[in-house]
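Read-outs throughout are calculated quantities, based only on the coordinates presented, and are distinct from any laboratory measurement. All values reported here derive from a predicted model rather than from experimental measurement. All Cβ positions, glycine included, derive from the backbone under ideal geometry; neighbour counts span all protein chains shown.
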Amino acid sequence: MIRGGELSPWRFNNIVTTALRLKEYEWTSQFIDKYQNYLPVKLRGNAVSHSLAQLFFYQKRFDDVVAELRNVEFEDLNYHLNSRAMLIATYYETEEIEPLYSMFGSFTAYLKRNKMITAGRKENFLNLIKFTKKLDKLRRRDKEALRKLKETVTNSRVSSKKWLLEKIDEKLNR
C-alpha cells in the first residue's frame, strides 16, 4: 500500500470510496487523518479535500461538502469531474435550485468544450445532468414517468447512478 514512504492518491481515494460505500464513516475519517501525510506533498491537498467532501456527502453534511470542495484545485481532471458531480448531487439534496441549474449549464459547457475527456466519460456526466434535471421536474404523483426514468437510468451509462436511482426510489415511495 505504501511504497517508498508514499501512498498513491488514487489508492487513497479508492480506499476512501470503498469505506464510504460500506458506511464506515468513522473509519474513513480516521484513515484520512492517519494516512494523509503519506500522500505526495504536491497532491495531498486535493486528495484530502476531495476525500473529506466525499465523507461529508455520505454523512449528509452538505454545507461542509460545498465548503470543502472550495479547497479542491481543479488541476486534475478526475477531481474536477467528480467534484462537479458531487456539487450537482449536493444542490439537489439541499433543494438549491438556482445553483443546481447554474451547475447544469456550466458543467455541460465544460464537458462539451474539453477535448481531454473521452466520449464515454462525457456521456456519463451529461446523462447525470439530463436525468437529474428530469427527476427535478417530475412530480411524485407521476409514478409512471418516475418508473420510466428509473428504467432509463438503470439501462444507461451515467455517473453517480446509485445516488440517482436512490433519489428516484425516494420519489416513487413517497
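A few notes on this one:
- Student exercise, segment 1-60 dipole from Lys, Arg, Asp, Glu Cβ charges, in Debye to nearest 20: 140 debye
- Cut-off 20 Å (backbone N to label point 7 Å along Cα→Cβ of Ile2), residues of segment 30-53: 30-49, 51-52
- In this Cβ point-charge picture (+1 for Lys and Arg, -1 for Asp and Glu), the chain has a dipole of about 880 debye about its Cα centre.
- Given +1 at the Cβ of Lys and Arg, -1 at the Cβ of Asp and Glu and no other charges, the dipole of segment 20-109 around its Cα centre is 320 debye to the nearest 20.
- Hydrodynamic radius by Kirkwood, which averages 1/r over all alpha carbon pairs of segment 1-60, in angstrom: 11.3 Å
- Taking 7 Å steps out from each Cα toward its Cβ at Asn114 and Ser29 produces label points 3.1 nm apart.
- Cα-based Kirkwood hydrodynamic radius, the chain, one decimal, Å: 17.1 Å
- Projecting label points 7 angstrom from Cα along Cα→Cβ for Leu22 and Glu75 puts them 3.2 nm apart.
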